[in-house]
1. Ratio of alpha-carbon Rg to the 2.2 N^0.38 Å globular estimate for segment A:23-86, to two decimals, please.
2. Over the alpha-carbon set of segment B:15-70, divide Rg by the Kirkwood Rh and report the Rg/Rh ratio to two decimals.
3. Calculate the tail of P(r) for segment A:1-50: the fraction of all Cα-Cα distances greater than 19 Å, expressed in %.
4. Give me B:Tyr39, B:Tyr25 ranked fewest to most by other Cβ atoms within 10 Å of their Cβ, as a rough exposure proxy.
5. What lysines could a cross-link reach from A:Lys52, if we take a straight Cα to Cα line under 26 Å and drop same-chain neighbours fewer than 8 places away?
6. Evaluate 2.2 N^0.38 Å with N set to the residue count of segment B:47-112, then give the Cα radius of gyration divided by it.
7. Cross-link candidates for B:Lys69: which lysines have Cα within less than 22 Å, leaving aside residues fewer than 8 places away along the same chain?
8. Mind checking segment B:1-109 for trypsin sites (Lys or Arg not before Pro) that DSSP puts in a loop (not H, G, I, E or B) and that have at most 15 other Cβ atoms within 10 Å?
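What follows draws every value from the coordinates through simple rules; no lab data is involved. Because the structure is a prediction, the values reported are computed rather than measured. Please note: Cβ atoms are built from the backbone with ideal geometry, for glycine as well, and neighbour counts cover all protein chains shown.
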Amino acid sequence: DTAVSQTPKYLVTQMGNDKSIKCEQNLGHDTMYWYKQDSKKFLKIMFSYNNKELIINETVPNRFSPKSPDKAHLNLHINSLELGDSAVYFCASSQMGREETQYFGPGTRLLVL
Amino acid sequence: AQSVTQLGSHVSVSEGALVLLRCNYSSSVPPYLFWYVQYPNQGLQLLLKYTTGATLVKGINGFEAEFKKSETSFHLTKPSAHMSDAAEYFCAVSGGSYIPTFGRGTSLIVHP
């Protein structure tokens, strides 16, 4: 029974294309996140939603647009893909709170050619 | 403000040897501290966390970490490494922000 799931697992596309990644959690959490992990494994927070409201929006190009249709789903749409967008994108969820554990999805490996 | 420093991007040990992964943090308020592990081609999962109370925290797979306020450290240890421990390990701190700050990760390599 997968707690945090992402689709697709792999995404290979050409520069300039638009793509979406979907995330769903069945843990009943109120907060969801998108992270980007680069080739050196550095993990960077991109966005965070709490109860469908955007609460964290780090310095990310506006080609990236998150959408949360409900508390259990958080999608990421990327316009005009660039080579530098190649990375692994992780969705995560948690309850709101400093002591709360984050639960990560398996990741989406994006390769832009 | 909060930050994490993980000393050593790679740590190499022999199977059966002690594992020590170092983490130092900075926080303007009493911190909550986490260690996450990432196995190849997987997402991160929690190993252990410190919130309040006992400063020696035990986690899964025989790992433990000790919160030392005076040293602002939260080092991760395991008495005897196993081949299956080979993974990327991330230390994280929640200080003033509920969003944790992650360290840059330490890759643990286990030799037979």
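1. Values: Rg = 12.2 Å, N = 64, 2.2 N^0.38 = 10.7 Å.
Against the empirical 2.2 N^0.38 Å value, I get 1.14 for segment A:23-86.
2. Values: Rg = 12.6 Å, Rh = 12.8 Å.
Rg/Rh: 0.98.
3. Details: 515 of 1225 pairs.
So the portion of pairs separated by more than 19 Å is 42 percent.
4. On the way: B:Tyr39 13, B:Tyr25 22.
By the 10 Å Cβ count, ascending: B:Tyr39, B:Tyr25.
5. A:Lys9, A:Lys19, A:Lys22, A:Lys36, A:Lys44, A:Lys67, A:Lys71
6. Details: Rg = 12.9 Å, N = 66, 2.2 N^0.38 = 10.8 Å.
Against the compact-globule rule of thumb, the ratio is 1.19.
7. Candidates past the 8-residue exclusion: B:Lys49, B:Lys58, B:Lys78.
8. Values: sites: B:Arg22, B:Lys49, B:Lys58, B:Lys68, B:Lys69, B:Arg104; in loops: B:Lys69, B:Arg104.
Within segment B:1-109, the qualifying trypsin sites (Lys or Arg not before Pro) (loop, at most 15 other Cβ atoms within 10 Å) are B:Lys69, B:Arg104.
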